[in-house]
Amino acid sequence: MTQTRIAAVADIHMGEDLRGHFRPKLHGIEHRADVLLVGGDLTRHGTVAEGRVVADELRDLPIPVIAVLGNHDYHSDAEQAITSIMRDAGVTVLDDEATVMSLNGATLGVVGGKGFGGGFAGKCASEFGEPETKAFVRHTRQIADRWRQALHGLDTDHRIVLSHYSPVKDTLMGEPTEIYPFLGSYLLAEAADEEGADLIVHGHAHLGTEKGLTPGGIQVRNVAVPVIGSAYTVYCMNGA
Amino acid sequence: MDAPHYVAARVQRALAEDERTVELGIRVDVRGSQIFLRGRVSAPERRLLIEDVAREAAPGLSVHNEITLVEVREPGEEEHL
Ligand SMILES: [Fe+2]
Ligand SMILES: [Fe+2]
């Protein structure tokens with residue numbers, strides 16, 4: 001039976017001080033995986049210079065690379081420039097949209113974006129009160145709506161959601177509960193549960209835990225480097 | 001002297017906002033005149049910078065740097081979903 005092998009990592013937080021440190025760890029990745037997903041926080045300060053370091057680390061890999069940005073990549077208001085630099089290096093950067101590819105005779109659809117916070121059902125913010133609060137929650141809701149649409153349009157053998165923020169609490173275990181609303185939102189999980197997906201990959205929660213599940217039963221994996229302790233982890237999905 | 005609560009908050013904020021660190025994943029605990037820093041970073045220089053920034057944000061307190069380095073190993077066994 002054919003398998004689709006997904007390599008995933010997040011929070012590589014490259015800077016000039018780490019130039020050349022990550023790429024060697026990817027050596028031979030084509031023997032272990034068919035595609036590499038990178039779940040945001042590519043940089044530390046979100047500068048163009050750091051974006052170039054990331055692009056150089058990921059350039060010309062023998063397998064396709066799909067990435068989303070993280071909150072750190074927005075810090076210097078250079079997210080557009082970083083996106084362009086990454087795309088010029090051959091990386092598919094998803095901004096609340098889908099990409100489709102054929103791997104080993106099976107089709108894979110990836111819907112990706114950075115996601116956002118707000119918290120988890122029963123303990124979350126809502127679109128009520130001051131404009132600042134409404135804008136915060138609305139941002140997440142609009143992202144979830146775009147993911148729902150993108151997933152709806154996918155007719156592939158496998159479907160994966162690539163995020164920076166977490167869709168569930170499970171993978172935040174180890175983080176202080178007080179900051180959960182800044183680490184993710186259940187709205188992201190809800191969108192995936194409604195449309196269906198095989199896997200949700202995220203990062204952002206450096207102190208969190210690798211494995212979780214959405215209320216609808218979709219596997220969730222937190223692949224932040226400090227969590228997985230390696231350059232990437234590989235998840236295998238059975239063929240169509 | 002500031003309450004430990006505020007000292008911890010000030011250090012945490014400095015670590016997040018100081019351009020030298022921009023670290024959001026470090027736990028800061030203040031016990032009496034001691035500050036404990038805990039978390040994981042990917043380079044030894046970053047570990048030391050965090051200590052510097054914490055010391056500047058809380059002068060006079062002794063800083064215990066318990067931050068560990070993330071060892072980025074070769075990928076392990078693949079998981080079958
Ligand atoms: Fe991060
Ligand atoms: Fe993050």
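The values are calculated or read from the model by the stated rules, or taken from the named source; none is laboratory data. Remember, it's a predicted structure, so these values are computed and weren't measured experimentally. Counting neighbours? That spans all protein chains shown, and the Cβs are built from the backbone with ideal geometry, glycine included.
Quick notes on this structure:
- Extreme residue, nearest to ligand 2 (Cβ to nearest atom), among residues of the stretch A:1-17 that are farther than 20 Å from A:Leu37 by Cβ and in contact (Cβ under 8 Å) with a residue 24 or more places away in the chain: A:Gly15
- Count - residues of the stretch B:29-81 that are within 11 Å of chain A (Cβ to nearest Cβ), touching a helix residue (DSSP H, G or I) at 6+ places or on another chain (Cβ under 6 Å) and assigned to a strand (DSSP E or B): 2
- Whichever residue in the stretch A:211-240 is assigned to a loop (DSSP other than H, G, I, E, B) and at the interface with chain B (Cβ under 9 Å from one of its Cβ atoms) and, among such residues, is surrounded by the most Cβ atoms within 10 Å (Cβ to Cβ): A:Tyr232
- Filter pass, B:Arg31 being closer than 21 Å to A:Met14 by Cα and modelled with pLDDT of 90 or more: no
- Summed over the stretch A:73-93, the residues that are within 13 Å of chain B (Cβ to nearest Cβ) and surrounded by fewer than 23 Cβ atoms within 10 Å (Cβ to Cβ) give a count of 3.
- For A:Ala67, the conditions (1) within 22 Å of B:Val22 (Cα to Cα); (2) more than 14 Å from the chain's Cα centre (by Cα); (3) assigned to a strand (DSSP E or B) are fulfilled apart from (2).
- Within the stretch A:172-202, being charged (D, E, K, R) and in a loop (DSSP other than H, G, I, E, B) holds for one residue alone: A:Asp198.
- Residues in the stretch A:94-139 that are touching a Phe, Trp or Tyr at 6+ places or on another chain (Cβ under 6 Å) and closer than 21 Å to A:Leu42 by Cβ: A:Val111, A:Gly115, A:Phe116, A:Gly117, A:His139.
- Residue in the stretch A:146-167 that is away from every other protein chain (no Cβ under 14 Å), within 16 Å of ligand 1 (Cβ to nearest atom), among the small types (Gly, Ala, Ser) and buried (at least 20 other Cβ atoms within 10 Å of the Cβ) present: yes
- Residue match in the stretch A:22-42 (condition: assigned to a helix (DSSP H, G or I), more than 10 Å from every other protein chain (Cβ to nearest Cβ), touching a residue at least 24 places away in the same chain (Cβ under 8 Å) and within 15 Å of A:Ile85 (Cβ to Cβ)): no
- Selected residue (criterion: nearest to ligand 1 (Cβ to nearest atom)) from residues of the stretch A:6-49 that are more than 13 Å from the chain's Cα centre (by Cα) and β-branched (Val, Ile, Thr): A:Thr43
- Filtering the stretch B:1-21 to residues that are surrounded by 15 or more Cβ atoms within 10 Å (Cβ to Cβ), within 11 Å of chain A (Cβ to nearest Cβ) and within 21 Å of A:Thr177 (Cα to Cα) leaves only B:Gln12.
Here's the yes/no breakdown for (1) of a type in the set (A, V, I, L, M); (2) within 16 Å of ligand 1 (Cβ to nearest atom):
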position	(1), (2)
B:Gln12	no, yes
B:Val22	yes, yes
B:Gly25	no, yes
B:Gln34	no, no
B:Ala54	yes, no
B:Ala57	yes, no
B:Leu61	yes, no
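- Answer from A:Gly203, A:Gly174, A:Gly196, A:Gly208 - the residue that is within 16 Å of ligand 2 (Cβ to nearest atom), in contact (Cβ under 8 Å) with a residue 24 or more places away in the chain and on the phi > 0 side of the Ramachandran plot: A:Gly174
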